[in-house]
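Asks: Attaching a single structure in structure tokens format; questions to follow.
Values in this text are rule-based calculations from the coordinates and carry no lab data. The model shown is predicted, which means the values in this text are computed figures rather than measured ones. Virtual Cβ from ideal backbone geometry, glycine too; neighbours counted across all protein chains shown.
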Amino acid sequence: MRMVIWNRKVQLASSEELKKLQLKLLRKQINRVYERSKFYRVKFKEAKLKPTMVKSLDDVKRLPLTSREELEENYHDILAVPLSEVATIRLTSGTTGRPLKIAHTRRDVEMVSEASARKLTYHGVTSRDVVQVTASYGLWQGAWSVHWGAEKIGACVIPVGPGDTERQILLIKQFGTTVLYGVTNYHLRILEVAKALGEDLSKYNLKLGICVAEKPSKSQIRILEKEFGYQKVAIDYGATEFPGFSVHCEEEDSHHVWGDYYLVEVVDPETHEPLGDGGRGELVITSLQREAFPLIRYLSRDVTNYFGFHKCKCGMAHPKVGVDIDREDFMTKIRGVAVFPGHVEFILSIFPELTGRCQIIADKRTPKHEATLKVEVSGDPSMALQKSLRGKIVDEVKNRVGITFNEVIFVPVGTFEGKFKKAIVIT
């Protein structure tokens with residue numbers, strides 16, 4: 001699918017132009033939240049900071065960090081608009097804590113629509129496409145973001161949501177769906193049901209699969225391209241707290257963050273000390289134009305690499321973050337080593353016999369903190385193959401992560417469907 005530039009002035013801006021724009025927007029936003037958000041005004045005063053002290057992009061590091069817990073506890077004080085100007089409210093799923101409320105003004109909704117329109121057209125979506133959204137609607141944000149963007153570019157939207165998989169397949173056939181948006185595992189579930197029904201999805205009009213919530217492994221991408229007939233499989237990244245955040249760039253396998261909407265940094269996950277370009281740490285996000293519920297140096301709990309500004313092969317210079325993203329919430333320490341399930345999943349993706357999904361169990365009741373790794377197999381490997389795989393997995397993880405699993409257990413495909421605990425600590 002051919003990339004289309006939706007907003008040439010912004011998307012093709014140079015690094016220098018983007019940095020100049022970011023500083024202008026940052027100073028305006030800091031002044032605005034200081035005046036209109038009780039929460040941030042108190043926070044800045046406690047840190048003895050005034051908006052006038054922000055004179056360069058580097059000065060953002062002087063501002064206090066904002067935690068998720070603070071967002072959960074201070075919804076009304078964070079609001080930077082009167083309640084009468086709130087157009088809609090979204091909630092997080094509450095997977096790793098209490099559900100988080102996020103408010104949007106009409107302009108906030110328009111900004112998410114614009115960001116999503118850029119993303120979709122970047123992947124080749126046009127007004128002639130039919131976009132089937134299988135992500136959850138309701139109070140969650142993800143489905144709405146892509147829905148608003150698809151509507152903005154004039155595409156036909158099928159807002160079916162998740163579930164009733166046979167119906168999903170019927171809709172793909174009836175309406176000539178060209179773009180399928182959904183959780184990675186649900187793409188695979190649709191494929192499984194289609195095969196059971198004797199349907200060959202590659203014979204229909206599908207050309208783009210957009211995977212959300214979890215990064216598909218390389219083997220999964222190959223399967224999706226072959227079985228669905230996709231010309232491209234894209235990875236969507238964002239969150240209810242920062243919708244319309246980025247676009248997946250295949251040229252350098254990374255996410256371009258829309259620099260006119262978000263200023264990003266990475267910090268050490270434990271000390272919160274800022275890290276430079278190329279560093280891997282917790283993503284810190286500042287919303288530059290959000291009206292209702294602004295984020296100022298928000299600790300996202302997502303751990304990734306930050307590559308900064310430079311002209312990409314795709315033509316854009318918007319700052320980039322890596323596609324290998326770990327949730328700090330899922331991190332566990334084994335014998336003093338920080339282990340992220342996402343890192344282990346990346347290692348497992350090199351084995352074609354595995355799906356790439358796994359679960360880590362750390363037993364800290366034992367003196368040696370014994371650790372077990374459960375890995376999902378895509379077929380029915382023989383005992384001899386399991387023995388060979390077990391040794392290779394243990395060696396790869398030891399070399400790349402620095403810990404040795406005491407046991408590797410193979411579980412059948414489908415064991416780790418939907419939401420499950422990627423790391424279990426027994427104390």
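Asks: What pairs from LYS9/LYS313; LYS24/LYS207; LYS43/LYS101; LYS38/LYS61; LYS55/LYS101; LYS203/LYS311 go past 28 Å between their alpha carbons?
Replies: Working: LYS9/LYS313 17 Å; LYS24/LYS207 40 Å; LYS43/LYS101 20 Å; LYS38/LYS61 21 Å; LYS55/LYS101 31 Å; LYS203/LYS311 38 Å.
Long pairs (Cα-Cα over 28 Å): LYS24/LYS207; LYS55/LYS101; LYS203/LYS311.
Asks: For ARG301, list long-range residues whose amide hydrogen, built 1.01 Å from N in the peptide plane, is under 5 Å from its own amide hydrogen.
Replies: Result for ARG301 returns LEU283.
Asks: With each pseudo-label sitting 7 Å past Cα toward Cβ, what's the GLU166-CYS312 distance in nm, one decimal?
Replies: 4.2 nm
Asks: Now for a different question. In whole Hz, what ³J(HN,Hα) sequence does region 243-258 give by Karplus (6.51, -1.76, 1.60; θ = phi - 60°), x for Gly and Pro?
Replies: These are the phi-based 3J(HN,Hα) values: x, x, 7, 7, 9, 6, 9, 6, 4, 10, 6, 8, 10, 7, 8, 5 Hz.
Asks: OK, next. For LYS421, give me every one of the lysines with a C-alpha distance below 19 angstrom, ignoring sequence neighbours fewer than eight places off in its own chain.
Replies: Straight-distance partners of LYS421: LYS215, LYS333, LYS364, LYS374.
Asks: Under the rule of at least 5 residues apart or a separate chain, name every residue whose amide H is placed under 5 Å from the amide H of THR88.
Replies: HIS104
Asks: Quickly work out the THR126-to-LYS45 label distance, labels modelled 7 Å from Cα along the C-beta direction, and quote it in nm with one decimal.
Replies: Distance between label points: 5.6 nm.
Asks: Okay, moving on. Between ILE89 and ALA196, with labels modelled 7 Å along Cα→Cβ, what's the label distance in nm to one decimal, could you check?
Replies: It works out to 3.9 nm between the two label points.
Asks: For a quick check: sort LYS422, LYS38 by the number of other beta carbons within 10 angstrom, fewest at the front. Write down the numbers at each step before the final one.
Replies: Values: LYS422 22, LYS38 14.
By the 10 Å Cβ count, ascending: LYS38, LYS422.
Asks: For ASP260, ASP236, ASP268, which order do you get if you count the other beta carbons within 10 Å of each Cβ and list the fewest first?
Replies: ASP268, ASP260, ASP236
Asks: Within the chain, which complete DSSP H helices have Cα atoms spanning at least 18 Å along the helix axis and a mean Kyte-Doolittle hydropathy of -1.0 or higher? Before the final figure, lay out the partial values.
Replies: Details: long enough: 15-36 (31 Å, -1.11); 106-122 (24 Å, -0.81); 184-196 (19 Å, -0.05); 383-400 (25 Å, -0.65).
Flagged H segments are 106-122, 184-196, 383-400.
Asks: Separate question: Fewest Cβ neighbours within 10 Å first, please rank ILE223, ILE172 accordingly. Don't skip to the answer; put the middle values down first.
Replies: On the way: ILE223 18, ILE172 24.
By the 10 Å Cβ count, ascending, the order reads ILE223, ILE172.
Asks: Sticking with this one: Give the separation of the Cα centroids, region 357-382 to region 55-71, in Å.
Replies: Between the Cα centres of region 357-382 and region 55-71 lies a distance of 38 Å.
Asks: Between LEU354, ASN406, VAL337, whose Cα lies farthest towards the positive end of the dipole of region 331-426 when Lys and Arg beta carbons carry +1 and Asp and Glu beta carbons carry -1, centred on the Cα centre?
Replies: VAL337
Asks: Scale the Cα Rg of the chain by the rule-of-thumb value 2.2 N^0.38 Å and send over the ratio, two decimals.
Replies: Details: Rg = 22.1 Å, N = 427, 2.2 N^0.38 = 22.0 Å.
The chain yields a ratio of 1.01.
Asks: Figure the gain on full extension for SER382 and LEU57 (residue separation times 0.36 nm, minus the Cα-Cα span) and round it to one decimal in nm.
Replies: Working: separation 325, 0.36 × 325 = 117.00 nm, distance 5.68 nm.
The span from SER382 to LEU57 would gain 111.3 nm if fully extended.
Asks: Rg(Cα) of region 261-332 divided by 2.2 N^0.38 Å? Let's see the in-between values first.
Replies: Working: Rg = 12.8 Å, N = 72, 2.2 N^0.38 = 11.2 Å.
Against the empirical 2.2 N^0.38 Å value, I get 1.14 for region 261-332.
Asks: Separate question: What residues qualify as long-range amide H neighbours of VAL183, i.e. H under 5 Å apart, gap of 5 or more or another chain, H built at 1.01 Å from N?
Replies: VAL212
Asks: Hey, what number do you get for the chain at 222 nm if only DSSP H runs of n ≥ 4 count, each worth -39500 (n - 2.57), divided across all residues, to the nearest 500?
Replies: -9500 deg cm²/dmol
Asks: Right, another one. Would you kindly calculate the mean projected area, averaged across all directions, of the convex hull enclosing the Cα atoms of region 241-380, in square nanometres?
Replies: Working: hull surface 44.0 nm².
Mean projected area of the Cα convex hull: 11.0 nm².
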